[in-house]
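FYI, it's all coordinate maths here, none of it is from the lab. In this text the structure is predicted, and so the values were computed from the model without any measurement. Neighbour counts run over all protein chains shown; Cβ positions are idealised from the backbone, glycine included.
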Amino acid sequence: MPRVIKVNLPSVGRIGAIAIVLLLIGVLLTSYYTVGAESEAVVLRFGKFLKTVEPGLHFKLPFGIDAVTVLPTRRQLKLEFGFGTSGYLTNPIQVGENPDEEKSMVTGDLNAALVEWVVQYRIEDPRQYLFDVRNPGETLRDLSEAAMREVVGDRTVDELITIGRQDIETEALARMQESSKRYQLGIRVDQVQLKNVNPPSQVQASFNEVNKAQQDRENAINIANGEYNKVVPKAKGEADQTIRAAEGYRFKRVNEAEGDVAAFSAVLQQYVKAPEITRTRLYLETMSEILPETGQKIIVDESLRQLLPILPLSTKPAEGRQQQ
């Protein structure tokens with residue numbers, strides 16, 4: 001005989017209600033997403049690009065119809081070459097797998113150098129970053145290493161360690177920016193910064209001695225320049241002061257000579273008009289200037305004999321003391 005199965009209708013309804021509740025919960029849990037303040041989200045519908053959304057709370061079709069990928073587009077990311085910092089990492093590929101190989105380079109003058117540098121960048125175009133290039137972060141890392149090796153290969157080791165660091169950073173940055181645009185990585189390279197640049201450990205001691213000698217040379221040059229700047233301006237000032245004093249003395253003597261010539265010319269004109277009168281006047285004026293300077297004099301005739309000259313006593317004590 002066929003078997004008869006009895007179905008409890010209230011139980012079927014209860015299971016259907018639970019399934020509906022679970023379905024609603026699944027719809028609610030898969031219908032919204034949140035984008036952080038430093039990020040943007042790329043929305044895919046059935047795996048095809050749909051749109052990009054700004055930070056905040058957003059809704060989407062549930063159950064995987066819409067897929068969301070959040071990218072840190074407003075955060076500074078960085079790549080480290082030749083070393084790795086401990087602690088917080090901006091992205092999973094910040095530190096390379098073989099730092100020792102990354103930093104080993106050869107300069108343009110065929111010297112070995114250990115170069116450590118940092119590349120800072122941002123995700124500029126989320127759509128390009130996700131769909132145009134496979135592994136854009138690793139691609140940027142390879143492009144950065146290639147650009148740095150090319151730039152270092154055009155420089156001497158002295159430029160790399162001393163005066164050429166800024167130029168190397170600028171040129172490497174330009175090459176990385178141009179390469180990222182050419183390959184459409186969706187990335188904007190903001191800065192390239194050289195960190196430690198050292199020779200290999202085998203020649204480190206000799207290289208340090210050369211650097212010390214160069215620093216001593218620069219220090220001696222700076223001291224000499226300081227002495228030059230201190231002594232030379234002072235000597236120039238003293239020379240200028242002497243020249244100005246000589247010019248003042250020259251003007252004084254010229255003016256005095258011109259005054260004497262003018263006075264002599266005036267006297268000459270009067271002398272031509274009345275020679276005797278002018279001669280007498282000049283004699284009297286000269287005596288009036290000379291005699292007061294000679295003091296009191298007593299003139300005795302040489303032919304006078306057997307006569308004791310009597311000197312008159314001065315009425316002023318000071319004058320009497322001068323005559324004694």
List the GluC sites (Glu not before Pro) within the stretch 30-134 that DSSP assigns to loop and that have no more than 13 neighbouring Cβ atoms inside 10 Å. Glu38, Glu97
Scanning the chain for trypsin sites (Lys or Arg not before Pro) in DSSP loops with at most 14 other Cβ atoms within 10 Å, what's the longest stretch left with none? 135-296
Using alpha carbons only, how many angstrom separate the centre of the stretch 180-204 from the centre of the stretch 220-276? 68
Percentage relative contact order, the chain, counting C-alpha pairs under 8 Å, at least six apart: 11
Suppose each label sits 7 Å from its Cα in the direction of the beta carbon; what would the Glu38-Thr278 distance come out to in nanometres? 10.7
In the neighborhood of Val118, defined by Cβ-to-Cβ distances under 9 Å, what is the net charge if each Lys or Arg adds +1 and each Asp or Glu adds -1? 0
Under 19 Å from the Cα of Lys252 - aspartates and glutamates, other chains or at least 8 residues apart: Asp240, Asp260
Roughly speaking, what is the stretch gain from Asp240 to Leu50, that is 0.36 nm per residue apart minus the C-alpha to C-alpha distance, in nm to one decimal? 60.2 nm
Tell me, what is the FRET efficiency for Phe59 and Glu97 to the nearest 0.05, using R0 = 25 angstrom and their Cβ-Cβ distance as r? 0.05
Per the charge dipole of the chain (beta-carbon charges, Lys/Arg positive, Asp/Glu negative, Cα centre), the residue among Thr52, Val189, Leu143 reaching farthest to the positive end is Thr52
Fraction of alpha-carbon pairs over 34 Å apart in the chain - percent: 66
Would you mind computing Rg(Cα) / (2.2 N^0.38 Å) for the stretch 67-186, counting N as its residues? 1.12
Before anything else, pin down the relative contact order of the stretch 77-199: Cα pairs under 8 Å, at least 6 apart, normalised by residue count, whole percent. 33
Over the stretch 9-71, what number does the Rg to Rh ratio reach, with both radii from the alpha-carbon atoms and Rh per Kirkwood? 1.20
Inverse of <1/r> over all distinct C-alpha pairs of the stretch 203-277, i.e. the Kirkwood Rh in Å, gives 18.5
Kindly list the residues of the stretch 43-64 that lie in the label zone of Leu29, defined by a backbone N under 20 Å from the point 7 Å along the Cα-to-C-beta vector. 58-64
Under a Cβ-only charge scheme (Lys and Arg +1, Asp and Glu -1), can you give me the dipole magnitude of the chain about the Cα centre, in debye to the nearest 20? 1760
First measure r as the distance between the Cβ atoms of Ala224 and Ala174, then evaluate 1/(1 + (r/R0)^6) with R0 = 41 Å and state the FRET efficiency to the nearest 0.05. 0.60
Anyone know which of Tyr88, Tyr33, Tyr129 comes out most mobile in the 10 Å Cα GNM of the chain? Tyr88
With 10 angstrom as the radius, rank Met148, Met105 by how many other C-beta atoms surround their C-beta, starting from the fewest. Met105, Met148
